[in-house]
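The structure appears right after this line, and notes come after that.
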Ligand code: GLA
């Protein structure tokens, strides 16, 4: 068995003489990316330099919030705060202690579906969810943490410890923190999340957390503020990263639980639908609460009077009283941010770079634009399930079989002119040839382990032939065995110009080598549903954080469970039919998760990268840097904040700490001097009198 494995591995790596065809160009390492320096370097610190938990002698809040206390509509501030709030340290605040007031005007391309994040509802992205949900740990700000101290930051979990054998993790929650409606935050909330969301097969949370996300840990409550997770393996430290945004961000069990079918709710669909997008004041642990939603117009959030974070002077955070999300398009976010009618954008659609740069270069520009590392990247993923995920028709099944054939995947890679693909988005030093896998410039990347099948039409055609595909009717497109043209459906997200442009480029290039590809361009949730249910032959995706950081969402690096991979999920019975190289990826990722030895982890990732790129698990297209655009009136924006690394910039810049100096504040609040009303109250925010 072992010998067979080795022989097979050798074959897959192309080192066996028989595997190399004379008419095919040999793979190489990728060419060096054009030099592009990130603008602004982070000030590196240890995690404990950023915040701590402690009681302060006195606390402050905005004057207008005090009026709610006087009117008997809110308990005194000291009673709303936890025993030991999270305290941001002044020395780490780029512009020091802030002042209250003003608003951050976001523009987004998504739309809120409803507020049941835990049953899979999207809030519309662009940072709405990041501002509403808080998670056990936090990773966004790690971009500025010293590598010697690289571990997730505490958040709702203020501390944790491992048992001596590493099989039990004890987690201590912040004590006495409250939801935005005043209900206590306790292990009742973490227990509900774990046992009735993650472990309930009929509930899929928005970002798909499953047992695999938490190393199959078994949950147990110890007391109101302590729980344990018990594992079969020792020290699966990656779960601490999966405690962060996207995953272990518990919902309000006092609101959610009564709707869950296990506790009297009607059924799973009703649970999913119980908090539609016109349900206002949904209780959160985040800094702001949704108080208004006008469809296709705006979502307005007001400050959470129970927020559990303060600055060193005792000022309850956030400093900003309101958050707005204009419901528009992602492209418009860039346009409005540089024009100054919006306040923030992750400049990530390369088509907008030249125009945005030109405008931002004007000293009178209202916005600052700073490029970060090259962490925006796209890949084409062939659907690798051969056993029924997405319920393919016979024709689609034939394509699945081809997808599972390395010759076919190589044909795709040889057929792609990645230089031209990148240049078609933007000319200049931005885009780099991206073979797939871990990104050049990130900490686990190793060039020598990276295999690149370069653009070469003849090689592409030879590989198609090797895969049994010939243009038997002479119409320019290869045929399926004994039938018509092979016709591959490529799923793409059409809310972003970049995704669509790349997909169109791929269609044209595949046409040049004789592979007919038809686009299925979907928007928003329709795209998500097609992706998650496996209704595609090929898909183009903007890659996730795991290919940048490795340590965040590590389990998603391979089909380590039936739902962790975007392009190979289990069939209806949850069964995965892994190819030998995929099994190797899974084993490597699992070993990485289980290892605490930096040298071993680095070697494992070299192996991962080699197996991934040799076998074209994902076929890389292009990678480029993104830029953070932010209005100049904001203070406390950390230097060198990347738009995407462990998380998106909406988390990285620590919005609850961002403020606007009094003389720079604008009068743009839609609901000044109001606070969130009761959960579900359609009346929106309330005034003190
Ligand atoms: C969308 C945007 C990103 C970022 C995230 C945050 O995906 O394209 O730039 O704002 O939302 O969730």
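Residues in the range 522-536 that are closer than 25 Å to residue 589 by Cβ and either over 17 Å from the mean Cα position of the chain (by Cα) or more than 16 Å from the ligand (Cβ to nearest atom) (or both): 533, 534, 536. Does the range 339-356 hold any residues that are more than 15 Å from the ligand (Cβ to nearest atom) and touching a residue at least 24 places away in the same chain (Cβ under 8 Å), and which are they? If the condition is that a residue be more than 15 Å from the ligand (Cβ to nearest atom) and touching a residue at least 24 places away in the same chain (Cβ under 8 Å), then 339, 340, 341, 354 are the ones that fit.
Being crowded, with 24+ Cβ neighbours inside 10 Å and either in contact (Cβ under 8 Å) with a residue 40 or more places away in the chain or under 25 Å from the mean Cα position of the chain (by Cα) (or both) is the requirement here; does residue 102 meet it? Taking the combined requirement at face value, the residue satisfies it. Contact annotation: residue pairs with Cβ atoms under 6 Å, 6 or more positions apart or on different chains, pairing a residue in the range 122-142 that is within 18 Å of residue 553 (Cα to Cα) with a partner that is in a helix (DSSP H, G or I) and within 11 Å of the ligand (Cβ to nearest atom), are 130/650; 130/651; 140/651; 140/652.
Quick check on this structure: which one of 165, 200 is away from the ligand (no atom under 16 Å from the Cβ), assigned by TED's automatic domain parsing to the domain that holds residue 77, surrounded by fewer than 24 Cβ atoms within 10 Å (Cβ to Cβ) and within 25 Å of the chain's Cα centre (by Cα)?
200
Restricting 666, 637 to those that are more than 16 Å from the ligand (Cβ to nearest atom) and not in a strand (DSSP E or B) reduces the list to 666. Where helices (runs of 4 or more DSSP H) sit wholly within the range 48-149, those with at least 1 residues that are modelled with pLDDT of 95 or more and more than 16 Å from the ligand (Cβ to nearest atom) occupy 63-70, 77-80.
Residue 476 meets the stated requirement of being surrounded by fewer than 22 Cβ atoms within 10 Å (Cβ to Cβ) and either away from the ligand (no atom under 16 Å from the Cβ) or at pLDDT 95 or above (or both). If you go through the range 507-530 and pick out every residue that is farther than 25 Å from residue 332 by Cα and in contact (Cβ under 8 Å) with a residue 40 or more places away in the chain, you end up with 6. Filtered by the rule that a residue be within 15 Å of residue 222 (Cα to Cα) and surrounded by fewer than 21 Cβ atoms within 10 Å (Cβ to Cβ), the range 168-185 gives 168, 170, 172, 175. Within the range 69-81, being over 17 Å from residue 318 (Cα atoms) and surrounded by 14 or more Cβ atoms within 10 Å (Cβ to Cβ) holds for 69, 73, 74, 75. Scanning the range 288-307 for residues that are surrounded by fewer than 24 Cβ atoms within 10 Å (Cβ to Cβ), at negative phi and in a loop (DSSP other than H, G, I, E, B) turns up 295, 297, 305. Each residue in the range 578-600 was checked for being closer than 22 Å to residue 436 by Cα and either touching a strand residue (DSSP E or B) at 6+ places or on another chain (Cβ under 7 Å) or in contact (Cβ under 8 Å) with a residue 12 or more places away in the chain (or both), and 14 pass. Counted as qualifying within the range 366-451 are the helices (runs of 4 or more DSSP H) with 2 or more residues that are within 30 Å of residue 342 (Cα to Cα), namely 418-425.
The values are calculated or read from the model by the stated rules, or taken from the named source; none is laboratory data. What you see is a predicted model; the values in this text were computed from it and never measured. No Cβ is skipped: glycine too gets one built from the backbone with ideal geometry, and neighbour counts run over all protein chains shown.
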